[in-house]
1. Once phi is turned into θ = phi - 60°, what whole-Hz ³J(HN,Hα) does the Karplus curve with 6.51, -1.76 and 1.60 give for every residue of segment 8-20, x standing for Gly and Pro?
2. If each residue of separation counts as 0.36 nm, what is the full-extension length gain between ALA61 and MET90 once their alpha-carbon separation is subtracted?
3. How many percent of the accessible area of the chain is carbon or sulfur, using a 1.4 Å probe?
4. Who wins for biggest fluctuation among GLY13, GLY38, GLY83 in a Gaussian network model of the chain, springs between alpha carbons below 10 Å?
5. Roughly speaking, what % of Cα-Cα pairs in segment 15-93 are separated by over 14 Å, rounded to a whole number?
6. Express the accessible area of the chain per residue in Å², computed with a 1.4 Å probe while the remaining protein chains stay in the model.
7. Ordered by residue, what ³J(HN,Hα) values in Hz, to whole numbers, does segment 37-52 give under the Karplus form 6.51 cos²θ - 1.76 cosθ + 1.60, where θ = phi - 60° and Gly and Pro are x?
8. Could you work out how far apart the two model spin labels at ALA36 and GLU48 are, taking each label as a point 7 Å from the Cα in the direction of the beta carbon, and quote it in nm?
Amino acid sequence: MQFPLIHLNGTCGDDLLANQCDIARALRDALEVMAANGPNARDYYPLEAGAWERAREQHTARLSAIKAVLADVERMAEYLAAGPHDQLEMRKAQ
């Protein structure tokens, strides 16, 4: 992951962190709504065999994709919340 370099001519580190926290909150909200609104078998039984299972697998894949994005955002937030020494170490470990 490409971490930013916090410096005087760039965006303030606190603002960058706040942005990542806002993004993470929105992704968590999306996951909550999606988890509560997965496919219902009643909407698929008139279709061919396996339609509901496919819809469920696709829904699960979408949830997984959002969880992966959330993990990246959280990793960025952890970097931004760290002090300069830890940030340097995290950039070296990329």
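The values are calculated or read from the model by the stated rules, or taken from the named source; none is laboratory data. Predicted model only: the values in this text are computed from it and were never measured. Here the Cβ positions follow ideal geometry from the backbone for every residue, glycine too, while neighbour counts run over all protein chains shown. Just so you know, the surface numbers come from the protein's heavy atoms only, side chains and all, with ligands and any DNA or RNA stripped out. Shrake-Rupley method; radii C 1.70, N 1.55, O 1.52, S 1.80 Å.
1. Ordered by residue, 3J(HN,Hα) equals 4, 8, x, 5, 4, x, 5, 5, 4, 5, 4, 4, 5 Hz.
2. 7.5 nm
3. 55
4. GLY83
5. Percentage above 14 Å: 70.
6. Spelled out: the 1.4 Å probe surface of the chain, per residue, equals 71 Å².
7. So the Karplus estimates, Gly and Pro as x, are 10, x, x, 10, 4, 4, 8, 10, 4, x, 7, 5, 4, x, 4, 5 Hz.
8. Going by the 7 Å Cα→Cβ label model, 3.5 nm.
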